[in-house]
Amino acid sequence: MVNNPAAAARVDIGAGSAIVELPWTAPPLTLNQRRATRGAMFARAAKIAAVRQEVYERATAAGLPRGLDHVTVTLHYRPRDNRRRDTDNLVDTAKPAYDALTDGRPARLSRPKDPKKKPRLIPAQLGCGLVPDDTPEFMAKPEPIIHRAEKGKGGAMWLEITWDAQRTDSVPVGPAPLPDSAVVLPAAVEQANPVRTAHSAPTRTVESRQRRPAQRVALHAVPAAPISSHGIAMSATPMPISSPALATSSSHCSVCGKEIVQPATGRPRKTCSGACRVRASRAAARNKVSATHG
């Protein structure tokens, strides 16, 4: 057990132990945090990525060995006071920290079940390569430890990592190679979806932004190609946006009589505004009641 978490990260390969100090004074993720809204889910995903990135950088800077057979990782937390706390709440912070110690995962394409959907690019996940995976076969994860608060000291968190020192004779030490080129994508997909990792952010130039409208216009300017349906030869003529077939039609409001411009698609509108729609609904309800009790 570590009594001085404020010390710098220490790695003793001969003894098979390492201490990785974490920058947080309190768990950034807990099970008590609500995830009921869409914004909360995105905020949680951003925190998970930040925790994994931070642990990966600190573990890499500490010079941890790579390719071990099995390790034991324990998360320690020393709060600023001695209020009652549950160790279960530390699991949310411990999970991305455990993932950052594995080999990670290269960028890959998804496999949608619906054949009509296009595969999307899943970005790479970083890992320092301490063990291949965080399954029980490679990593033991005891319950996190909450220490007593120390007077005059703030909160602190750190990871305690131990392994069998007799199996580290031929284990490489240093940062694992980044999984940037570990995925093979088709040429068309690679051009449309370049591989993105945590170290390579997409760049958007003025030329690329100006080229997108031209690509949309080109979709409606495809030359006609002969096709066949049920054995009958036909010609597929592309319909431009300004085609008369898509022109809007007009009618009149059923309440006030004001002219309504109908859209090109969807159900035709019967009223010109929300107020007239409410009046029409109330009138229909009154007519229904009078017809029932008439």
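A count restricted to segment 12-30 and to residues that are of a type in the set (Gly, Ala, Ser), at pLDDT below 90 and either open to solvent by less than 40 Å² (accessible area, probe 1.4 Å) or assigned to a loop (DSSP other than H, G, I, E, B) (or both) stands at 3. Got at least one residue in segment 78-93 being among the basic types (Lys, Arg) and under 26 Å from the mean Cα position of the chain (by Cα)? The answer is no; no qualifying residue exists.
Within segment 123-140, the presence of at least one residue that is closer than 17 Å to Ile19 by Cβ and either of a type in the set (Lys, Arg) or assigned to a loop (DSSP other than H, G, I, E, B) (or both) is confirmed. When restricted to residues that are of a type in the set (A, V, I, L, M) and open to solvent by 40 Å² or more (accessible area, probe 1.4 Å), segment 87-113 contains 2.
Residues that are outside any loop (DSSP other than H, G, I, E, B) and open to solvent by 20 Å² or more (accessible area, probe 1.4 Å) are absent from segment 73-86.
The values are calculated or read from the model by the stated rules, or taken from the named source; none is laboratory data. Please read all numbers here as calculations on a predicted model, not as lab measurements. Neighbour counts are summed over all protein chains in view; Cβ atoms, including those assigned to glycine, are modelled from backbone coordinates with ideal geometry. Ligands, DNA and RNA are excluded from the accessible area calculation, which covers all protein heavy atoms including side chains. Shrake-Rupley method; radii C 1.70, N 1.55, O 1.52, S 1.80 Å.
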